[in-house]
Amino acid sequence: MTLLPAMSAKSLERATSTSIAPETQEILCQKMFRRMIAVERKRTERSKEPFLLLLLEAGHHQQLEMKAGVLDNVASSLGSSIRETDVIGWYSDQATVGVLYTGLQMQDKNLIVSIILNRVSATLRNKMLSDQFSSLTISFYFFPDDWDRYDSGRPTSSALYPDLLCPEEGKESVVLMKRAMDVVGSALLLILCSPLFVIIAFAVKCSSKGPVLFRQRRVGQFGERFTFLKFRSMLSDNDHSAHKEYVTKFIADEVEHQPVNANGDCIYKLTRDKRVTRVGKFLRRTSLDELPQLLNVLKGDMSLVGPRPPIPYEMAVYQAWHRRRVLKVKPGITGLWQVTGRSRVKFDEMVRLDLRYATSWTPWLDLKIILRTPLAVIRGAGAV
């Protein structure tokens with residue numbers, strides 16, 4: 001295990017201002033410890049104070065009984081040296097020990113890691129044999145993690161979301177049921193809509209130069225990037241800076257609403273966009289430009305129903321709690337937001353609708369949203 005340079009006593013005092021517990025902390029079971037990670041994520045979203053997850057594993061070459069004994073020693077040793085505000089437990093039963101360091105005040109992550117690593121190392125060296133100590137693997141994970149640093153791949157660390165990546169007992173069937181509905185539904189719709197694909201492709205190709213399909217990198221569940229498909233509704237090689245500036249203001253609730261009728265109904269969407277072609281305006285108004293996303297659903301990047309997948313530069317300005325909309329469920333073609341508010345609601349309200357869907361999902365809710373989608377399209381609820 002590689003150690004970072006030791007920090008000064010003053011730095012150590014600043015980083016761990018809460019006193020160390022006078023007695024050994026209770027070591028939580030796997031279920032309780034993982035639940036505490038979820039609780040701390042929500043607490044951080046409110047308080048803006050980051051937390052650090054430390055994971056310790058014994059060498060893979062060791063026998064299971066020996067590994068469990070080493071980790072038992074690790075857990076009991078660390079339990080007597082952490083603060084009252086910190087939490088220790090089994091991240092994976094008899095395989096990985098975890099510690100949650102909460103209420104961190106410093107912004108320098110490297111400094112925090114150095115301080116905690118030195119404290120943990122000093123404690124374990126005094127309580128363990130040298131060969132046991134050298135067999136340990138230690139890793140650190142901050143929440144919130146820096147999603148905006150990544151251009152491809154999965155930016156989130158699965159270690160921070162064990163409750164979402166590993167569904168509780170009994171919920172696996174729900175995930176499989178939703179996936180089965182997506183595969184069957186998208187396959188049937190692709191067959192039924194195949195004549196429309198041909199007609200729209202011809203219209204797009206004849207209306208302006210460029211490809212028939214618009215491809216864009218979007219953010220899927222757990223921050224996974226994927227290629228998002230639509231029928232092209234804009235001129236090729238256009239500048240996205242206007243949209244980027246707009247969505248940044250929209251997410252920060254700094255955009256002016258735009259009345260669209262005499263009743264004072266408003267939309268929160270970039271309108272009168274000169275980049276949109278004449279055919280594109282029709283496709284957008286009828287949502288026919290969304291049809292190629294059935295291929296995304298069949299592939300598994302998206303679901304028929306779920307939150308809309310954001311563009312990476314949108315994610316870069318998300319608050320921590322906004323990210324939950326792309327953590328709890330896969331992004332979808334349609335969703336609760338589209339059939340209730342669409343572009344007539346503010347961003348925070350849209351996120352709350354997405355979260356409400358994620359926490360109350362049933363097959364019947366998906367069916368209800370799918371059946372309501374055509375009516376929402378016909379009414380043009382915010383599709384400008």
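Derivation of every value follows stated rules applied to the coordinates shown; laboratory data play no part. Predicted model, so just to flag it, every value in this text is computed and none were measured. We place every Cβ from the backbone using ideal geometry, glycine too, and count neighbours over all the protein chains shown.
Quote to one decimal, in nm, the extra length available between Glu349 and Ala95 on full extension: 0.36 nm per residue of separation minus the C-alpha distance between them.
Length gained between Glu349 and Ala95: 87.3 nm.
With label points built 7 Å along Cα→Cβ from the Cα atoms of Ser134 and Arg275, find their separation and express it in nm.
5.8 nm
Once you place label points 7 Å from the Cα toward the Cβ at Gln105 and Ser208, how far apart are they in nm?
Simple spin-label model gives 5.5 nm for this pair.
Place a +1 charge on the Cβ of each Lys and Arg in region 172-379 and a -1 charge on the Cβ of each Asp and Glu, then give the dipole magnitude about the Cα centre in debye, rounded to the nearest 20.
Value, rounded to 20: 340 debye.
Test of the criteria: in region 160-229, which GluC sites (Glu not before Pro) are in a DSSP loop and have at most 12 other Cβ atoms within 10 angstrom of their Cβ?
Loop-located and lightly packed - Glu168, Glu169.
Among the listed pairs Lys178/Lys299; Lys281/Lys346; Lys42/Lys328; Lys209/Lys274, give every one whose C-alpha distance is greater than 19 Å.
Long pairs (Cα-Cα over 19 Å): Lys281/Lys346.
Gain in length, Leu367 to Asn126, computed as 0.36 nm per residue apart minus the alpha-carbon separation, to one decimal in nm?
Full-extension gain reported as 80.8 nm.
Quick one: of Lys48/Lys127; Lys48/Lys230; Lys230/Lys368; Lys205/Lys244, which pairs are farther than 31 Å apart, Cα to Cα?
Distance filter (> 31 Å) returns Lys48/Lys127; Lys48/Lys230.
Quick one: Karplus J couplings for region 287-297, per residue in order, coefficients 6.51, -1.76, 1.60, θ = phi - 60°, nearest Hz, x for Gly and Pro?
So the J values, rounded to whole Hz, are 6, 5, 5, 7, 3, x, 5, 4, 5, 4, 5.
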